[in-house]
Amino acid sequence: MKKLTAILLVLAMTLVLFTGCGGDSGKKEEKDDGIIRVWVGEESAEFYQKVCDEYLAANSDFGYKIEVKGMDTGSVAGVITNDPTAAADIYTVAHDNIGKLASTQCAKPITDEALIAQVTADNPEAFKNVIYSSLNDKEYLYGVPYISQALFLYYNKALVTEEQAKSFEGLREAARAAGCKAITVTGDDGFNMSFAILARKVDDKSTTVKIYEGADKVLGGAKGTSNCQGDDTVAIYRWLQAFAADPNGFKWASSDGWDADLDKDNKGVLAVIGGSWHFKTASAALGESNLGITLIPTFTLTPASVEGLTGVAAGDTFRGGTFADCKCFMINANSASSKYAKEQELIKHLSSKEIQDRSFLECSNVPAYSGSVSYIEQCFAEGKITESQHKMAAAQLGMAEWGIPQPFITSTLNTYYYSKQAPSVLRAIVDKTAYPTTGTQIIEETETLEGVRKALYLVEYIWMHGLTPTEFPATLPAGA
Amino acid sequence: MSTDLKQKKFRSQSRTQKVSLSATYIILIILAIIWIIPLLWIALSAFRCEFQPDGTFIGRVTSNFFPKAVGLKNFKDLFTATYYGVPNAFPKWIFNTLIIAIFDCIISTFLVLSVAYCMSKLRFKMRKPFMNLSMVIGLFPSFMSMIAIYFLLKSIGLTGNPAHPEYSVIGLILAYSAGAGMGFQVAKGFFDVIPNALVESAKLDGCTNYQIFRRIILPLSKPIIIYQALMSFTGPWMDFIFAKVIIGADNPAHWTVSVGLYSLLFGTHPDTNLFTQFAAGCVIVAIPIVTLFMFLQQYYVEGVTAGAVKG
Amino acid sequence: MSTKALIAPSINSGPSFGERLGKRFSNFGKRFADGSPGTKLSHLIFGAGNFYHKQYIKGFLFLLIQAAILAIMIFCPSINNTPYGWKALKNLTLKYTSMGGEFDPVTGQFTTGSDCKLMVLFGFVTIALIIVYFFVWNLSINSSYKADMDRKVGKKPATFKEDMAELLDSRFHILMLTPTCIAAAIFTILPTVFMIALAFTSYNSYDMNVLGTNLFEWNGFRNFVAVFTGEGSLGFEVHNRFLPVLGWTFVWAIFATLTCYFGGIILALLINKKGLNGKKIFRTLFILTIAVPQFISLLAVRNILGEYGPVNSMLMNAGWIQSPIGFLGLHPTDSEKLAKVMVIIINMWVGIPYTMLMTSGILMNIPADLYEAARVDGASTVKMFFKITLPYVIFVTTPYLISSFIGNINSFNSIFLLTGGGPTYTGYQAGGTDLLVTWLFKVTIDQGMYNTGAVIGIFTFIITATITLVTYRRSKAYNEEDTFQ
């Protein structure tokens, strides 16, 4: 009996040790399966796979296979923050996601000297300001821009002349003749409605609006200054209120889709503010020959909108603004460290000027490097691109002068601007409703000047603090 | 004399009866038309082949109910199109869904029948607590568990695996079948109706419980087996939320057909111009399911009635 | 009322809870004292007693389970850099000192920091493993003890073959139920417990920790307090929208259930009318609508009623309306009442064929002589309907009515696909026609406000559980389900 017990004890302990050997001691294991996976926009997947194959053929000692997959860049950030290990080694996101991805440790900083040098040399200042973020209080480069994007105007050439498309008032005239509304947007969020907040005076491109100017690139650092309570902003929103109320003015997109509005048979609207990713849908709605593309129109302030304001005067003309963004390559933090050097080498190649140029020719991706406008003009002159492509590229590069890149350096600021209901407050202003429209009301009305001022104060407060204030200051405007 | 009276009554009755009968016919036909309209519209949209004057294809929802031009273009496009960067996405989706449906059907039916039989015919200590527990657990909204299931499956490597994205299909099969066992009420109601005397006499003859189950109960359960199989086979074709979470938004090659079709119109970059292709896809998805339902109509009705009566 | 009666209200009141617990402990001691050395050793090493009784296979299986669980607990394998095992228990406190995230610029080595949601999940998995461990521990001791008792009375302890045979007979229910129990534990119970736990955290993409969205902490009951005070994004959303959404959920459930129910009965009566030809055809037509998946049919209806769809165009072309009507509340300015009415009507379209099928079967079972007798007595059709048909059908389908009511509370497709939650209220996630479930979905999956979703889920559960308990306890069907025969 005792012998049996002893045997049993030994058996048990051996078994435990055996199975225990399988599990690791908690150290992160790195799987390098010899493939570098890349995510680019869906339309460009084939092109970039071709480029990578050529690169591998030219550099046979690269040592890795490269797989390029098309992935909707809008949803990449969501996929990654939910489950970082499911993402590719190199992925593409719009730059406003850099802060979030860096702070949630889903991306690796870029440290290769040659790549950093190329990024610094090629890109405009505006982009260089927003591709850095921080890790453990140290600032690093995170994103490598290679496509630039901005919003512009699509319009119905059959019913709107080129002259009319230059201003909101012109669009309204055309709409009156056609018996429908003038313009709509593709969404009521903080990005698509940026034309109002970011509008600039036509003569000197000035605006009082600041969004996180001078914010620290370090997490938890200073949020810089924001301002949206300037007289010009108040006047712009009051103008927009009236324009939305006008039967031939502005409308929100229908639930059937903004392209149902744009469709020439439906006579919903004559124009829409959209981006290059809407091109296919817009040309399907209007027919490509009817599709006009131009800069976002200008508008002139009416006496009613400047009533009670000193900073602006009736007759001041503004042009709607936009966020001029770039799409960047980033390296997945969960990518094996053995791939690190090769990943940076690949990114350096894919974001080089030559490849950006080719990408423009084959996929209509507007290049991000500064001075790309000359290449685009040259292509058009040589007839290498269609007129629509030329117009889209010109419109985006033109709008880049009228906009700012989304200044989101940390994840906090990104959330405060987009979520936390600030866009909803702005919508309430345009709709002239209270905010919120039910339950305990924070802003009782937005019809009077005081109401609009209060709502804009609320927006600024949300941008800076991420919550609604417990009380409002007696006199507005006031710092938030 | 009495027969004359009866016949007279019958004839006068028959006139009022005739009126009410024709009224019934009219009402029923109107109702049938109303019921069919949405389905008819989708079917018509699938065959719609209208073009703009300059040749661009109109794929959106249009304001006319009947198409101005018909053709098979949508079906052709559907099967050859590249959605979300996946070439020939639609046939792949159908294939995935078919696999999931077949396995789900087999596993679910087996589990549900096992549990229902136990609850109905066997008596053991934990019986009532198990029934109460399953009822209570069933009251939680299922969305609460989706994320957790994703991570549990991921830790086994059955989903979200960049090296083997196809494993997520296995993960989804597990997720669907695992929940099935709790939905045993209808089957249990059916088993309750089988007389206990049958079971008892078999026991007296010396059969084990397993033999009773296999030799006596199962042959009698053809209706409920078919009902369960039908329900669990058609389930994966219709679910568009759970499948997307489990398989992952970054894995369009392995989506099910409902996730894929839904994403065409409501995904992150919805293209409303794909509506006619969506309609074509719907027609293709609907055909097998409808055919199954038609053929297995009587079993479905029996299952529904059994569920209703016993609750 | 005595405590005994409160705890065990059944007529034959068995031993009270306290008594049962005491008995357990005394049994435990007895088992240890009376057991063979093998049984005593089983308290430490699983399966020792089985080896002692020469039940090698059984003993080996027990040993394997113990080894596996102990290995996991001690060696803590990691997934996504988050460990199982004893480390997971430590992580469950969610006390993290830093984000981790060490980066070496030279090698590119990056160790990512803590992921709190995985820490919570794996912590619960570890707790589940501990429960399983003790369960198997008890099982192994019991099996050894049983063999002891067998030996005592002179019976040979069961061989593995005999155990397996038992599974097919007297312990058949164990064989049948085990797969489901395991599956339910992993895929239903564990995730639900995880989500309930999230209701006590600050896991909310709006309220995220300033350092990043992967970190959150335990909030205790603060979330529930916030519901009452309306503070924070969770409080703001739930405090202001819970009662309206709850009210609409009830209204919807009542109307949906009743309209479908009576509609189904009427339709079944129409189809079943004596002398009507083509019963099968009509029934098949209506089954067609059940067969077509809801996401197809409801999206079709949504598009037909859309702003530029056929219905609005027809109405505008006929000159009856100037601008399109928002039937389904897809615009914030659309009428909420209209959306609610439309949803109930369209739900009738979805639900009536189903109830029609069910009542058809029941109607055919009503004994015909009841009608004959009534007709002889000179009753009119209407009177027969109200005095015979209706009471019978209602009596037979009362359980169905209740479960249908609860099912409608949780009915997702009808609302989500048609209105997407109805006219949105600027500032909130919950719209005008949102039910508790659709609200839960929007808040959790769309917005990532997990703790808010968990709180809503818990409230939903409490409500549906209360209704179920009250109605089922009372209904005869439940009490007599045993005695149906």
Legend entry - Hits in segment B:132-141 (condition: surrounded by fewer than 18 Cβ atoms within 10 Å (Cβ to Cβ) and touching a helix residue (DSSP H, G or I) at 6+ places or on another chain (Cβ under 8 Å)): B:M135, B:V136, B:I137
Inset, instruction - Among the numbered conditions (1) buried (at least 18 other Cβ atoms within 10 Å of the Cβ); (2) aliphatic (A, V, I, L, M); (3) at pLDDT below 90, tell me where B:A286 comes up short. - result: (3)
Inset, instruction - Name the single residue, out of those in segment A:251-260 being within 16 Å of A:D188 (Cβ to Cβ) and buried (at least 24 other Cβ atoms within 10 Å of the Cβ), that is farthest from the other protein chains (Cβ to nearest Cβ). - result: A:W258
Inset, instruction - Collect the residues in segment A:261-276 that are in contact (Cβ under 8 Å) with a residue 12 or more places away in the chain and either away from chain C (no Cβ under 14 Å) or buried (at least 22 other Cβ atoms within 10 Å of the Cβ) (or both), keeping them in residue-number order. - result: A:D261, A:L262, A:D263, A:G268, A:V269, A:L270, A:A271, A:V272, A:I273, A:G274, A:G275, A:S276
Inset, instruction - Need at least 3 residues that are in the same structural domain as C:F250 (by TED's automatic domain parsing) and under 38 Å from the mean Cα position of the chain (by Cα) per element, so show me which helices (runs of 4 or more DSSP H) inside segment C:332-400 make the cut, counting only ones lying wholly within it. - result: C:336-365
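Taking B:Y262, is it at the interface with chain C (Cβ under 10 Å from one of its Cβ atoms), in contact (Cβ under 8 Å) with a residue 40 or more places away in the chain, surrounded by 20 or more Cβ atoms within 10 Å (Cβ to Cβ) and farther than 21 Å from B:V70 by Cα?
no
Test C:T424 against the criterion of being within 28 Å of the chain's Cα centre (by Cα) and assigned to a loop (DSSP other than H, G, I, E, B), and give yes or no.
Here the answer is yes, as C:T424 does meet what is asked.
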Inset, instruction - Collect the residues in segment B:25-71 that are at the interface with another protein chain (Cβ under 8 Å from one of its Cβ atoms), surrounded by 16 or more Cβ atoms within 10 Å (Cβ to Cβ) and part of a loop (DSSP other than H, G, I, E, B), keeping them in residue-number order. - result: B:Q52, B:T56, B:I58, B:G59, B:R60, B:V61, B:T62, B:S63, B:F65
Legend entry - Near pairs, Cβ below 6 angstrom, 6+ apart or cross-chain, from segment C:222-235 (within 12 Å of chain A (Cβ to nearest Cβ)) to any residue that is not in a helix (DSSP H, G or I): C:S233/C:Y206; C:S233/C:D207
Inset, instruction - Kindly list the number of the only condition in (1) in a helix (DSSP H, G or I); (2) surrounded by fewer than 17 Cβ atoms within 10 Å (Cβ to Cβ); (3) of a type in the set (A, V, I, L, M); (4) over 31 Å from the mean Cα position of the chain (by Cα) that fails for C:L21. - result: (4)
Inset, instruction - Could you tell me which of the residues C:S403, C:S380, C:S414 is free of Cβ contacts under 8 Å to residues at least 24 places away in the same chain, more than 28 Å from C:T201 (Cβ to Cβ) and either among the hydrophobic types (A, V, I, L, M, F, W, C) or more than 9 Å from chain B (Cβ to nearest Cβ) (or both)? - result: C:S380
Inset, instruction - Looking only at segment B:82-89, decide whether some residue is crowded, with 22+ Cβ neighbours inside 10 Å, among the polar types (S, T, N, Q) and either in a helix (DSSP H, G or I) or not assigned by TED's automatic domain parsing to the domain that holds B:N209 (or both). - result: no
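Would it be correct to say that C:G247 is away from chain A (no Cβ under 12 Å) and either assigned to a loop (DSSP other than H, G, I, E, B) or closer than 30 Å to A:T440 by Cα (or both)?
Yes: the conditions hold for C:G247.
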Inset, instruction - Go through B:A197, B:A175, B:A249, B:A253 for me and flag whichever is crowded, with 18+ Cβ neighbours inside 10 Å and within 9 Å of chain C (Cβ to nearest Cβ). - result: B:A175
Inset, instruction - Identify all residues within segment B:179-194 that are buried (at least 23 other Cβ atoms within 10 Å of the Cβ) and either touching a strand residue (DSSP E or B) at 6+ places or on another chain (Cβ under 8 Å) or outside any helix (DSSP H, G or I) (or both); write none if there are none. - result: B:G181, B:F184
Inset, instruction - Determine, yes or no, whether C:L64 is in a helix (DSSP H, G or I) and under 30 Å from A:Y340 (Cα atoms). - result: no
Legend entry - From B:L111, B:L152, residue being within 14 Å of chain A (Cβ to nearest Cβ) and surrounded by 22 or more Cβ atoms within 10 Å (Cβ to Cβ): B:L152
Legend entry - Single match in A:T281, A:T294, A:T298 (criterion: in contact with a Gly (Cβ under 9 Å, 6 or more places away or on another chain), surrounded by 23 or more Cβ atoms within 10 Å (Cβ to Cβ), among the hydroxyl-bearing types (S, T, Y) and touching a residue at least 12 places away in the same chain (Cβ under 8 Å)): A:T281
Inset, instruction - Report yes if some residue within segment C:162-173 is assigned to a loop (DSSP other than H, G, I, E, B) and either loosely packed, with under 14 Cβ neighbours inside 10 Å or outside the structural domain of C:L118 (by TED's automatic domain parsing) (or both); otherwise report no. - result: yes
Inset, instruction - Please tell me if B:Y176 is out of contact with any strand residue (DSSP E or B) (no Cβ under 9 Å at 6 or more places or on another chain) and within 18 Å of B:S108 (Cα to Cα). - result: yes
Inset, instruction - Go over the candidates C:F242, C:F255, C:F250, C:F286 one by one and state the one that is more than 27 Å from the chain's Cα centre (by Cα) and among the aromatic types (F, W, Y). - result: C:F286
Legend entry - So C:K54, is it more than 9 Å from every other protein chain (Cβ to nearest Cβ), in a loop (DSSP other than H, G, I, E, B) and modelled with pLDDT under 80: yes
Inset, instruction - Within segment B:5-24, identify whether any single residue is at pLDDT 75 or above, assigned to a helix (DSSP H, G or I) and over 27 Å from C:P353 (Cα atoms), and answer yes or no. - result: yes
Inset, instruction - Residue by residue through segment C:312-323, note down the ones that are within 12 Å of chain A (Cβ to nearest Cβ) and either surrounded by 23 or more Cβ atoms within 10 Å (Cβ to Cβ) or not in a loop (DSSP other than H, G, I, E, B) (or both). - result: C:N312, C:S313, C:M316
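Results for (1) within 26 Å of the chain's Cα centre (by Cα); (2) closer than 23 Å to A:V40 by Cβ; (3) touching a residue at least 60 places away in the same chain (Cβ under 8 Å), shown as yes or no for each residue.
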residue: B:F75; (1), (2), (3): yes, no, yes
residue: B:L78; (1), (2), (3): yes, no, yes
residue: B:A81; (1), (2), (3): no, yes, yes
residue: B:P87; (1), (2), (3): no, yes, no
residue: B:P91; (1), (2), (3): yes, no, no
residue: B:T97; (1), (2), (3): yes, no, yes
residue: B:I100; (1), (2), (3): yes, no, yes
residue: B:F103; (1), (2), (3): yes, no, yes
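The values are calculated or read from the model by the stated rules, or taken from the named source; none is laboratory data. If you're wondering where the values come from, they're calculated on a predicted model, not measured in any experiment. Here Cβ is always computed from backbone atoms with ideal geometry, including for glycine, and neighbour counts include all displayed protein chains.
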